[in-house]
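Just below is one structure, and these are the notes that go with it.
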Amino acid sequence: MTDSTPHFDSYSPSGRISWRLPAYTLLGAAPAVAAAAWLYAKALMLGLSVMTAPIATLIFAVICSFAIMLALEGGHSRSVGVNTALAPVLSLFALWVRWVVTFNELGSAEALKFASSGVTGWAAMLWHRAVEAAMRNPATFAPTMQCIIWLLELAIVGLICTFVARSTARDPYSESAGRWATPVTGRELYWNGRHSSELARELATQGPQLLASMEVATSLETMMTASEWWTVSVQGRAVRADPAARWLTVSILTHRRTPNGEIKTRTTDVVTAWHVTAEDYVLVMQHVAPGERHGESWTSAGRPTPRELESAVAALNTNAYSEAIALAASHCQHPEPLVKTDALRVCALAHSGLAQWEQAFAHFHALFEYEPSAFNALQVATTSVMTGELARGQAWFEKADALNQESREMSAARLRTGFISALEKRGEFAAILPHLNWLADAYRSVNLTDSTLLWTWGLPFFPEFLARSLPVLRRCMSESEVRDWYLKMYEALDANGKSALDEHLQEMCGTSA
C-alpha cells in the first residue's frame, strides 16, 4: 500500500549552534530575564487583584520568551534539543530571581537564605509563606491552593518560553550565508476548495506555479449571501546572500460569517517552510506582493524582468525616477512587445513619482493600447485628472468601470476610491460628490460595517469613509445638508455602524463653525 500523503521538501534545522550562543545567553538573555523578574516581583508586591495578576504573569512570560528568542537568534542556535533545554533553565532562573526579590522584602537574610537553598529549601520556604499569608488574612487562598497557583505560574512561564525557543530553532536558516531568513507576508489568494489536503495534493502536483495562478483575494468580491469562503495565505522567507535559501509557508484560511455578521477565521497549515527555487519564489511573491494587481509595481503579471530593463526597474524600486526614465525610455519602441509594454510601465510610474502628469498620462495611454485592462484605464483616468482634464478623466473612469465589469480585475468600490483619491488631490470636490453618493448607497445595500467584510468587498472601512467624506461634503453643502446626507444612511446600518455615525455626527457638531 503506497502513502498518498503529498511530499514536500520542507526545511529541517541542522542541529548546529554557534560559539556565540553562551555569550548571548550569559550577557544578553540572563540579565534581561532577571530584570523582567525584578519588575514582575515588584508589581506583584503592589497587591494585584485576582484578575490582573494572571495578566502580569503572561506579560512576564512573553518578555522572558522574547529575550530568550533574541539570544537564540543571536547565538545562531538551530538545535531544537539545545533550545528545549536552555529555555526551561532560563525560565527557572527568572522565577528564582523573582522569589529572591520577593523574600528580600522580609530582609536580606531571608533573600540570602532562599537564594542559597536547594529545591527542598525553596519548597519549604514557599509553603511557610503561603501558611503565614493565610493566617494573616483568611480571605486569601488556602496554602495548598496558593502553592498550586505558584506551580501554574512556573508552568505558564516555562511552557511559553520553551514553545518560543523550539519555534526559533525551526525557523529557516541559510547554513552557507550564516543568516536567518527574513519573513515576507503577501496578500491572500482566493481558493474555491475547502480542504487543506486537496490544496496540498495540487501543490505537490503543480508546484508553486499553482499559487501564482490563483486570483488575489482583494481583487474578488465575495457574494454578500455567502456564509463561508476560503483564502490562501502565503508567507515567504528568504536570505538575500543565498539564492538557494527560499521557502514558502502556505495556509488555508476558512472564513465563516455568524448570524450577527461577525467573521470567524480558522487557519489550517498546508505546508510549512517549503523549499522552492529562486525563480518560483520570485514568481509567487511578486504575485502576492502588496499593491493592486495590475500596476502598483512595475509589472502586472509577476513575470521575470526583461534583461533590457533590469537597471531601470532597479532604479524605479529605489525611487530614482529620473534615472529609471533615462534607462527605460529607449525601450518604449522595442520590437519585443513584452519589453515595450514594461518600458512604458516603468516610464509611466516614474513620471507619476515625479508628479510629471502629462508625461505619465502619455505613457499610461500608450500602455493601454497594448494592455487594455481596467487598471490601466484607471491610471489614464487619474493622470488625466491630475493634468486638469476633468472631463477626459471622467470619460476614462467610465471606460475603466465598463472594462472592470467584464474582467472583475478589482472590486467596483476599489476602482472608484482610486479615482476619488485623484479628484481629492486635485481639489475637484464637486466631482467627488457623485462617487461619495455611490459609496453611501453601497454601505446602505450591504447593511454591515464589519471591517473584514468591507475589506472583502473593497469598500473603505466605515470610520475612514466618514472621516474622509466630511471635508468634501462641507465644500459642497451647508452644515445641515451634510448632516441630512449622513442621516440617510442611518437606518440601513448595523449597530456598530450606527454607533460610529453617532460619534461622527457629535464630533462634526463640535468642529462646525
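Could you check, for region 81-90, whether at least one of its residues is of a type in the set (S, T, N, Q), in the same structural domain as residue 165 (by the TED database), under 30 Å from residue 200 (Cβ atoms) and in contact with a Ser or Thr (Cβ under 9 Å, 6 or more places away or on another chain)? Steps first, answer last, please.
Of the residues in region 81-90, the ones of a type in the set (S, T, N, Q) are 83-84.
Among the residues that remain, those that are also in the same structural domain as residue 165 (by the TED database) are: 83-84.
Narrowing the set further to residues that are under 30 Å from residue 200 (Cβ atoms) leaves 83-84.
Checking the rest, the ones that are also in contact with a Ser or Thr (Cβ under 9 Å, 6 or more places away or on another chain) come to 83-84.
Yes - at least one qualifying residue is present in region 81-90.
Test residue 262 against the criterion of being closer than 20 Å to residue 185 by Cβ and modelled with pLDDT under 75, and give yes or no.
Values: closer than 20 Å to residue 185 by Cβ: no; modelled with pLDDT under 75: yes.
Answer is no for this residue.
Here is a yes/no grid of residues against (1) free of Cβ contacts under 8 Å to residues at least 24 places away in the same chain; (2) in contact with a Pro (Cβ under 8 Å, 6 or more places away or on another chain); (3) closer than 26 Å to residue 169 by Cα; (4) surrounded by 14 or more Cβ atoms within 10 Å (Cβ to Cβ):
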residue	(1), (2), (3), (4)
39	yes, no, no, yes
48	yes, no, no, yes
72	no, no, yes, yes
121	yes, no, no, no
Next item on the list: Can you run down the residue pairs with Cβ atoms below 6 Å, 6 or more apart or on separate chains, where the first is in region 6-19 and β-branched (Val, Ile, Thr) and the partner is outside any loop (DSSP other than H, G, I, E, B)?
Entry: 17/82
Next item on the list: Would you check if there is a residue in region 130-142 being of a type in the set (Phe, Trp, Tyr), in the same structural domain as residue 32 (by the TED database) and at pLDDT 90 or above?
Entry: no
Next item on the list: Please name all residue pairs, on different chains or six or more residues apart, with Cβ atoms under 8 Å, provided the first residue is in region 164-185 and is among the hydrophobic types (A, V, I, L, M, F, W, C) and at pLDDT below 95 and the second residue is assigned to a loop (DSSP other than H, G, I, E, B) and surrounded by fewer than 14 Cβ atoms within 10 Å (Cβ to Cβ).
Entry: 177/241
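The values are calculated or read from the model by the stated rules, or taken from the named source; none is laboratory data. A quick note: this is a predicted structure, and the numbers were derived from the prediction, not measured. Reconstructed Cβ throughout: ideal geometry from the backbone, glycine too, with neighbour counts over all protein chains shown.
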